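The values are calculated or read from the model by the stated rules, or taken from the named source; none is laboratory data. Being a predicted model, the structure only gives us computed values, none of them experimental. FYI the Cβ positions are ideal-geometry reconstructions off the backbone, even for glycines, and counts take in every protein chain you see. SASA here: full protein model, heavy atoms, side chains in, ligands and nucleic acids out. Shrake-Rupley method; radii C 1.70, N 1.55, O 1.52, S 1.80 Å.
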Amino acid sequence: MTVSIKVLIPAKQSESSQTTQYTATNCKAIIDKFTITNTSAANVTISVNLVTSGGSAGASNLVMDTRAIAPDETYTCPELVGQALEPGGFISTIASAATSLTIRASGREIT
């Protein structure tokens, strides 16, 4: 078994449509840090799903539901820290406004 520390989601703007941000490909993954920074002048909400392989984002795998992020706030997502993804599982997000929230995640991949 090999454990590799990885940037799971390089810093990027979250989309305003449901979007897969990371997939645990041929590995298991553990989220160690997930941050969201609002770079806009208004509150923006974000939802995060942790989806099993072959599934789709929906109410049954919603981990963070429409969390409001204030302007200039960086939120560290304690709901996501320590969560695990089995092979093929993925992180999906949707924001209420595109190009307003910068997301980034790091963690460990286990092969």
* Asked: Do we have Pro78 as within 20 Å of Lys6 (Cα to Cα), exposed (fewer than 14 other Cβ atoms within 10 Å of the Cβ) and of a type outside the set (D, E, K, R) here?
  -> yes
* State whether the residues of segment 86-104 include one that is of a type in the set (Val, Ile, Thr), within 23 Å of Lys28 (Cα to Cα) and out of contact with any Ser or Thr (no Cβ under 9 Å at 6 or more places or on another chain). => no
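Which one is most open to solvent (accessible area, probe 1.4 Å), of the residues in segment 85-111 that are part of a loop (DSSP other than H, G, I, E, B) and under 20 Å from Ala42 (Cα atoms)? Show your work before the answer.
Of segment 85-111, the ones part of a loop (DSSP other than H, G, I, E, B) are 86-89, 96-100, 111.
Now narrow it down to the ones that are under 20 Å from Ala42 (Cα atoms): 96-100.
Details: Ser96: 74, Ala97: 32, Ala98: 46, Thr99: 104, Ser100: 13 Å².
Only one residue tops the list, namely Thr99.
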* Structure fact -> The one condition Phe34 fails out of (1) over 16 Å from Ile9 (Cβ atoms); (2) of a type in the set (A, V, I, L, M, F, W, C); (3) open to solvent by less than 30 Å² (accessible area, probe 1.4 Å) is (1)
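Would you pick out the residues in segment 63-84 that are assigned to a loop (DSSP other than H, G, I, E, B) and among the aliphatic types (A, V, I, L, M)? Show your work before the answer.
Applying the first criterion (assigned to a loop (DSSP other than H, G, I, E, B)) to segment 63-84 yields 70-73, 76-83.
Matches in segment 63-84: Ala70, Leu80, Val81.
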* Quick one: what pairs do we get from segment 69-82, first residue over 15 Å from Thr102 (Cβ atoms) and free of Cβ contacts under 8 Å to residues at least 60 places away in the same chain, second among the basic types (Lys, Arg) and open to solvent by 70 Å² or more (accessible area, probe 1.4 Å), C-beta under 8 Å, 6+ apart or different chains? -> Val81/Lys33
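In the set Ile5, Ile9, which member is loosely packed, with under 13 Cβ neighbours inside 10 Å and modelled with pLDDT of 95 or more? Break it down stepwise before answering.
On the way: Ile9 fails: loosely packed, with under 13 Cβ neighbours inside 10 Å.
Answer to the check: Ile5.
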* Structure fact -> Taking segment 37-57 and the residues there that are farther than 21 Å from Ile110 by Cα and of a type in the set (A, V, I, L, M), the one that is most open to solvent (accessible area, probe 1.4 Å) would be Ala41
